[in-house]
Amino acid sequence: MSATYMHIGIPVLNKKPGMVYNEGGKFWVSSNVDDHDYKIEYLKFEEGTIFPEILSKQPHVAYQVDDMTQYLAEADRVIFGPSQLDDHTSIAFIIKDDAIIELYMSK
């Protein structure tokens, strides 16, 4: 298993400058996490978002993984996904040891 830190996702109540809207998921997100020294991804969820409510209330830590199969199997709970973002990328959100973790896999 190999995981590389990507960002911390922090839910906010008010839109921050530079956020972009994801219409399919009904949420606002920081446009480029890598521009932030601390790799912070701000998220503002709208009514009817595809994501579970817990993501709008608690931060998460995101990791890029080579294969999410074992991480999913070892999770205390899978709260979203796995879901295909496009032909090459899938994500899932899990809870492990009371922490929300985003698994990001790109092929």
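The values are calculated or read from the model by the stated rules, or taken from the named source; none is laboratory data. Bear in mind that the values here come from a model prediction, so they are computed numbers and not experimental data. So basically every Cβ, Gly included, is an ideal-geometry build from the backbone, and we count neighbours across all protein chains shown. Only protein heavy atoms, including side chains, enter the accessible area calculation; ligands, DNA and RNA are left aside. Shrake-Rupley method; radii C 1.70, N 1.55, O 1.52, S 1.80 Å.
Miscellaneous remarks
- Members of segment 29-53 that are in a helix (DSSP H, G or I) and surrounded by 15 or more Cβ atoms within 10 Å (Cβ to Cβ): Val33
- Selection count, segment 78-98, where residues are among the polar types (S, T, N, Q) and open to solvent by 100 Å² or more (accessible area, probe 1.4 Å): 1
- Condition met for Tyr5 (among the hydroxyl-bearing types (Ser, Thr, Tyr) and either open to solvent by less than 50 Å² (accessible area, probe 1.4 Å) or in a strand (DSSP E or B) (or both)): yes
- Gln58 within 13 Å of the chain's Cα centre (by Cα) and open to solvent by 60 Å² or more (accessible area, probe 1.4 Å): yes
Matching residues to (1) of a type in the set (Asp, Glu); (2) touching an Asp or Glu at 6+ places or on another chain (Cβ under 7 Å):
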position	(1), (2)
Val12	no, no
Lys15	no, no
Met19	no, no
Gly25	no, no
Val33	no, yes
Asp67	yes, no
Leu72	no, no
Ser106	no, no
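- Residue in segment 92-106 that is in a strand (DSSP E or B) and among the charged types (D, E, K, R) present: yes
- Test for Tyr71: is it assigned to a strand (DSSP E or B) and either over 14 Å from the mean Cα position of the chain (by Cα) or of a type in the set (Ser, Thr, Tyr) (or both): no
- Test result for Val78, part of a strand (DSSP E or B), free of Cβ contacts under 8 Å to residues at least 24 places away in the same chain and of a type outside the set (Asp, Glu): yes
- Residue pairs meeting the criteria (Cβ under 7 Å; at least 6 apart or on separate chains; first exposed (fewer than 14 other Cβ atoms within 10 Å of the Cβ), in segment 14-28; second of a type in the set (S, T, N, Q) and assigned to a loop (DSSP other than H, G, I, E, B)): Gly18/Ser31; Val20/Ser31
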